[in-house]
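Enquirer: Just dropping this structure here.
Derivation of every value follows stated rules applied to the coordinates shown; laboratory data play no part. Worth saying up front: this structure is predicted, and the values here are computed from it rather than measured. A quick note on method: Cβ atoms are made from the backbone with ideal geometry, for glycine too, and the neighbour counts reach across all protein chains shown.
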Amino acid sequence: MQVFHQIQSLRKALAEERRQGKRIGFVPTMGNLHEAHLALVKQAQGECDCVVTSIFVNPLQFGLNEDWDKYPRTLEADTAKLESVDCDYLFCPDETEIYPNGMAEQTRVVVPSMTDVLCGASRPGHFEGVTTVVTKLFNIVQPDEAVFGAKDFQQLAVIRRMVEDLCLPVEIRAGVIVRESDGLALSSRNSFIGEDERPTVSQLYRSLCWIRDQVQEGRRDYLVLAETAKEQIQAAGFRPDYVSVRNSHTLDPAADDDADITILGAMYTRGARLIDNVSLVLDA
Ligand code: PAF
């Protein structure tokens, strides 16, 4: 695997791949890689001739009181994991490479719809930070396709909208959510879960699945279901942020006759904010 810290040298290497007609896949990450990230790399390898993974803990997408400074940085272990799955390129720039004029002066990419609800409501500015850095990374790598984890369902929907609105020539793919045996979705933030919290922390997923089962049995009182799920999370000892049933494409609150719906939720443990979602397709 070739490792690059500079935009210019990565571009030169990728230009040569492109010249040879190779299809370039891209997996943007913030590092602290786990099985779910490696699954994204493998997915990209299935459809592309060479794959670039980026590792950049993007300060622009973290709020002032969020966990940017304690976000786990494990570059050596991440490099070994990417080598083990034969990733072709690792791009790990530092902050000045990505924001040479400083973050305050950085031109921003704003997706007006879908970004001030759900996670966007509790994390103002978060999606602007994501869309700005992802646009920059797309311009640096110029991939044919990019793979994003479906655990960050809202992020995926926002990026799809951005790519459509800005006519960016990249195909967006969703990777499946990888889970522990009790259903907990793999996440870099799982390392902040307390040992005493671990046995019950999959309550978020269980509550989302409970809503899914109720919907499959015919219930459509989505607001009531979401409130009950929040009570379940609270009863398990965690602070719910939101639980909501949404149209999978628009992220609008689900209507009774919506066929593609996604149940999204977020909750706080003592040291982390965890998110998860469950999608389902209802018979017309
Ligand atoms: O999902 C993430 O890890 C980040 O939000 C991303 C897409 C790499 C942008 O910083």
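Enquirer: How large is the dipole of the chain about the Cα centre if only Lys and Arg carry +1 and Asp and Glu carry -1, each at its Cβ, rounded to the nearest 20 debye?
Expert: Numbers: 29 positive and 43 negative charges, 69 e Å.
So the magnitude is around 340 debye.
Enquirer: Largest first, please: the extent of the C-alpha atoms of the chain along each principal axis, to the nearest Å.
Expert: 55, 43, 38
Enquirer: Okay, helix-only estimate at 222 nm for the chain: each DSSP H run of n ≥ 4 adds -39500 (n - 2.57), divide by all residues, round to 500 deg cm²/dmol; what do you get?
Expert: -11000 deg cm²/dmol
Enquirer: Something else about it: Based on the mean of other Cβ atoms within 10 Å per residue, sort peptides 103-110, 86-93, 172-179 so the most packed one is first.
Expert: Details: 103-110: 11.6, 86-93: 20.6, 172-179: 17.6.
Result, highest mean first: 86-93, 172-179, 103-110.
Enquirer: A further question follows. Kindly rank 120-126, 264-270 from highest to lowest mean number of other beta carbons found within 10 Å of each residue. Can you show the working numbers first?
Expert: Values: 120-126: 16.4, 264-270: 20.3.
Taking the mean over residues of other Cβ atoms within 10 Å, the ranking is 264-270, 120-126.
Enquirer: Sequence gap at least 6, Cα distance under 8 Å: using those rules, report the relative contact order of the chain to the nearest whole percent. Could you put the intermediate results ahead of the total?
Expert: Numbers: 477 pairs, mean separation 47.6, N = 284.
Across the chain, relative contact order equals 17 percent.
Enquirer: Can you give the net charge of the other residues whose Cβ lies under 10 Å from the Cβ of Ala36, counting K and R as +1 and D and E as -1?
Expert: +1
Enquirer: Do the alpha carbons of any pairs in Lys70/Lys151; Lys42/Lys70; Lys151/Lys230 sit beyond 24 Å of each other, and which pairs?
Expert: Values: Lys70/Lys151 21 Å; Lys42/Lys70 28 Å; Lys151/Lys230 19 Å.
In this structure, Lys42/Lys70 exceed 24 Å between Cα atoms.
Enquirer: When ranked by the protection proxy of mean other Cβ atoms within 10 Å per residue, highest first, what sequence do the peptides 153-165, 214-226 form?
Expert: Values: 153-165: 20.2, 214-226: 14.6.
Going from most to least packed, we get 153-165, 214-226.
Enquirer: Further question on the same structure: Which semi-axes, in whole Å and largest first, does the equivalent ellipsoid of the range 61-185 have when worked out from the alpha carbon gyration tensor as the square roots of 5 times its eigenvalues?
Expert: Values: eigenvalues 101, 77, 67 Å².
Ellipsoid half-lengths, sorted descending, are 22, 20, 18 Å.
Enquirer: Mind pulling the angle between the C-alpha long axis of helix 75-84 and the longest principal axis of the chain? Nearest 10 degrees, somewhere in 0 to 90.
Expert: Its long axis makes an angle of about 90 degrees.
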